[in-house]
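In what follows, a structure is listed as structure tokens, so that the remarks can point back to it.
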Amino acid sequence: MEKLLHYCWRHRILPFSGLRTIDGRALDVIDPGMLNTDAGPDFFNAKIRIDGEMWVGNVEIHERQQDWYAHKHDTDAAYDNVILHVVRKSEKNNAERTVITKNGRKIPELEIDVPEHVQRNYRELLERDTYPPCYQIIPTLPSLMAHSWMAALQVERLERKTLDVTNILHALNGDWEHAFFVVLARSFGLGNNSDSLEIWARHLPLNSVAHHRDDLFQVEAFFLGMAGMLDENTLRERTKEKTLSDPYFQKLSAEYQYLRLKFRLSEPPQLTWKLLRMRPQNFPHIRIAQLAKLFHEESTSLSKLLACKHIKNVHELLAHGVSPYWETHYTFGNESQGNSKQLSKASVSLIAINCVVPILFAYGRTMGDESYCDKALELLDSIKAEDNTITRMWQKVGLKVSNAGDSQALIQLKKQYCDRKDCFRCRFGYEYLRKQ
């Protein structure tokens, strides 16, 4: 309940006039102060008036009066500037006891409770399993307020993705080309093999592969070999015989052994590739073959990505197919009907959302060039909204999802706020808590 009292104090969901301190003096709260997220008093630079006299300083809030002593604030000089101690329950049976600072100063105290309707609303938010718990309030909210919160969530999600990109960049010693390739490879996994593709891409010796960029076959040998797909010891038993007897597999395997000795390649990482309950188009063999074709065509060049102005340019950059062998195969040794296996528009849009936009935004932030950040946001707004369980859920409760910027904002809201029951930081949660 103390957390809720903090929230009500910060957002003024309390009667701030006509108050009296525990010892009976008139109290007006002019400014509740600024929330302190570090050590020390809860709120800095508050302004209150006690019996007509203005006080400026810090405010400390506790569930009970004795918490002041339990937390040893009476021996901590950091609390000497506290001008008001707010408590939910005072020790009325021990009226002579007061709270004092380290320097011996008696602190005025205010006893106040969280309004009943706020307590009720808070219990509903915590106990209700329906997502979002605040769904009842959303249709009543002004459109401007809802979309301003969504705009903030969109940037918040981009900031989180930017941190992911910069972490990869630092791990690769500032190599932007390699970092772009890693983020691109991860996005090709579309969730199923994303982690494995990221690990694989981090370990790829791209500078060595670049020496053979003009030969797609050799690029495939590099890529598939480093993915462990040319090692007979890692093959699945039920497909092992077909794979080993496949002439293309044999040719690639021999080429990889040659390249491995030439460049003194390290052992490929131990990876687990998922194929069960997946569309063949999403098999890791096909994703790696597509990435090999992109690398061969120099479409994994960061400069080409930075030059993209519209989603159409992104489609042109990434919509390449695969080598002739993979046009008629999804795995080694199993021939299938011919298919160019170009990425669909929907897949390119998802890759743009999860790779292109974050790379542009992170590059702009890192280089101090906001034009790339603006381009990232414009690109996001030009892409069709994602259609998934999260976006459909929000649409059902009255939120309009117009583009990928909106869908990314609502994914951020669901994952970082609703799932964590972090209603105190949510603007929708604020409106629900204060409703009568």
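Values as computed for the structure displayed
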read-out: Criterion: more than 38 Å from the chain's Cα centre (by Cα), acidic (Asp, Glu) and under 18 Å from Gly104 (Cβ atoms) - qualifying residue of Asp23, Asp28, Asp51, Asp76; value: Asp23
read-out: Every pair of residues 6+ apart whose Cβ atoms lie under 7 Å, when the first sits in the stretch 63-88 and is open to solvent by 60 Å² or more (accessible area, probe 1.4 Å) and modelled with pLDDT of 95 or more while the second is assigned to a strand (DSSP E or B) and not aliphatic (A, V, I, L, M); value: none
read-out: Residues being open to solvent by less than 20 Å² (accessible area, probe 1.4 Å) and touching a strand residue (DSSP E or B) at 6+ places or on another chain (Cβ under 8 Å) - total across the stretch 281-308; value: 1
read-out: Some residue of the stretch 169-177 being in contact (Cβ under 8 Å) with a residue 60 or more places away in the chain and over 28 Å from Ile353 (Cβ atoms); value: no
read-out: Top-ranked residue in the stretch 191-204 [being open to solvent by 30 Å² or more (accessible area, probe 1.4 Å) and part of a loop (DSSP other than H, G, I, E, B); ranked as farthest from Met229 (Cα to Cα)]; value: Gly191
read-out: Subset of the stretch 4-25 [outside any loop (DSSP other than H, G, I, E, B) and either at pLDDT 95 or above or touching a helix residue (DSSP H, G or I) at 6+ places or on another chain (Cβ under 7 Å) (or both)]; value: Leu4, Tyr7, Cys8
read-out: Filtered residue count, the stretch 347-400, keeping only those that are open to solvent by 70 Å² or more (accessible area, probe 1.4 Å), closer than 25 Å to Ala201 by Cβ and either out of contact with any helix residue (DSSP H, G or I) (no Cβ under 7 Å at 6 or more places or on another chain) or of a type in the set (A, V, I, L, M, F, W, C) (or both); value: 1
read-out: Restricting the stretch 239-273 to residues that are at pLDDT below 90 and within 17 Å of His329 (Cα to Cα), the residue that is least open to solvent (accessible area, probe 1.4 Å); value: Thr243
read-out: Hits in the stretch 26-56 - residues which are at pLDDT 90 or above, assigned to a loop (DSSP other than H, G, I, E, B) and open to solvent by 70 Å² or more (accessible area, probe 1.4 Å); value: Asp51
read-out: Scan of the stretch 224-244 for residues that are acidic (Asp, Glu) and part of a helix (DSSP H, G or I), ordered by number; value: Glu232, Glu237, Glu241
read-out: Output for the stretch 95-118, where each listed residue is open to solvent by 20 Å² or more (accessible area, probe 1.4 Å) and outside any loop (DSSP other than H, G, I, E, B); value: Ile100, Lys106, Glu111, Glu116, His117
read-out: Which numbered condition Ala221 fails, given (1) within 18 Å of Ser266 (Cβ to Cβ); (2) within 33 Å of the chain's Cα centre (by Cα); (3) in a helix (DSSP H, G or I); value: (2)
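The values are calculated or read from the model by the stated rules, or taken from the named source; none is laboratory data. The shown structure was predicted, so the numbers you read here are calculated from the model rather than taken from an experiment. Virtual Cβ from ideal backbone geometry, glycine too; neighbours counted across all protein chains shown. Remember, those area values only see protein heavy atoms, side chains included, never the ligands or the DNA or RNA. Shrake-Rupley method; radii C 1.70, N 1.55, O 1.52, S 1.80 Å.
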